[in-house]
Amino acid sequence: MIKITADSTCDLSLEMIEALNIQIIPVHIVIDDKVYSDNIDIFPNDIFKYVEVDKKVCKTAAVNVYEYESVFQSLQATCDAIIHIGLGSSFSSCYQNAMLASQGFDNVYVIDSANLSTGSGYLVYKISEMINDGMNPKEICEKIKTYIPMIDASFIIDKLDYLYNGGRCTGIELASTKLLRIKPCIEVTSGVMKVGKKYRGSFEYDVRNYLKDRLADTSNIDKSLIFITYTACSNELITAVKHIIVNEYDFKKVSVTTAGCTISAHCGPNTLGIIYKRMNPKT
């Protein structure tokens, strides 16, 4: 049996995790030198309370080498091989730590997703399909690496306060976005985050324009699966987004997931992204 493990930052739904039998390894959140484990003893709503009410800064910390070793060791008795999908190496030391941990085993394969959230979750889902198709671990790793540059992951963010708190934007950028009601789109390209198009207006209005822009070139999109991943958006907005995608863009599978503590700590509430695979590598 081949077992898939993944950092909690893959942001897959509990239903999908259980259906695919994925072993999730929690990334950590640090608040006032106290360390919490993502979606075990801290949850996104806790993050928002700490920041909004208690005025604390929530930092993220990688899974350490020992933790990866412990998980890999615990699976040895029941698995022939382990394929681990890690948070992109440019975002965290998770990948490097998993690689170090894997050196003690001859059946653990570690893949750098070069992505975050369901950008890596998409790869997890596709690996499960390859396992069901009877592919061996080396074949799976080679094939999934060809998918990585084609994953299109982006998010539109309502406000930059959380990015500012984490040192990822300046005070001038924060003030200007508030003054002009700008909602930036954050894109993952070649394993790094960059600011894409900037929208202006209400969050709900801008989300609709964001969808039109990201899904404009439908001929270059693999419509087998799309993720809608969000933090603390209204039910009405999520329903509207799913309705648009289902009725206007003809995706075969639409998976709606809530982002975990890592995205929540960096981006705050009212963040929404769509993640899918292109037919050709992103440029």
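A few notes on this one:
- Distance violations [Cα-Cα > 25 Å] among LYS145/LYS253; LYS212/LYS252; LYS59/LYS183; LYS145/LYS212; LYS198/LYS252; LYS143/LYS253: LYS145/LYS212; LYS198/LYS252
- Helix-only CD estimate at 222 nm, as mean residue ellipticity for the chain, using -39500 (n - 2.57) per DSSP H run (n ≥ 4): -11500 deg cm²/dmol
- In order along segment 121-128, the phi-based Karplus estimate (6.51 cos²θ - 1.76 cosθ + 1.60, θ = phi - 60°) of 3J(HN,Hα) comes to x, 4, 5, 4, 4, 5, 4, 4 Hz; Gly and Pro are listed as x.
- With K and R counted +1 and D and E -1, the other residues having a Cβ less than 11 Å from that of THR231 yield a net charge of -2.
- Computed 3J(HN,Hα) for segment 245-252, one whole-Hz value per residue from the Karplus formula 6.51 cos²θ - 1.76 cosθ + 1.60 where θ = phi - 60°, is 5, 5, 8, 10, 10, 6, 6, 6, glycine and proline marked x.
- Estimated FRET transfer efficiency when R0 is 25 angstrom, pair VAL192-ILE40 (beta carbons, to 0.05): 0.30
- Built amide H within the under 5 Å cut-off of VAL256, gap 5+: ILE228
- DSSP-defined antiparallel bridges as percent of all bridges, the chain, nearest 5: 65 percent
- The 3J(HN,Hα) values that the Karplus relation (6.51, -1.76, 1.60; θ = phi - 60°) gives for segment 54-71 are, in residue order, 8, 6, 9, 9, 9, 9, 9, 9, 5, 5, 8, 4, 4, 5, 5, 4, 5, 5 Hz. Gly and Pro appear as x.
- Distance (nanometres) between label positions extended 7 Å along Cα→Cβ at ASP217 and ASN132: 3.0 nm
- Near the amide H of ARG278, within less than 5 Å, lie the amide hydrogens of ILE151, ASP152, ASP222, all on another chain or at least 5 residues away, with H placed in the peptide plane.
- 18 Å cut-off, amide nitrogen to a point 7 angstrom out along LYS253 Cα→Cβ, residues in segment 1-42: 2-6, 10-24
- Within a Gaussian network of the chain (alpha carbon springs, distance under 10 Å), most fluctuating of LEU12, LEU87, LEU160: LEU160
- For the options LYS194, LYS159, LYS183, a Gaussian network treatment of the chain with springs between C-alpha atoms closer than 10 Å singles out LYS194 as fluctuating the most.
The numbers here are math on the coordinates, done by the rules we state, and not lab data. Owing to the predicted nature of the structure, the values given are computational and were not obtained by experimental measurement. No Cβ is skipped: glycine too gets one built from the backbone with ideal geometry, and neighbour counts run over all protein chains shown.
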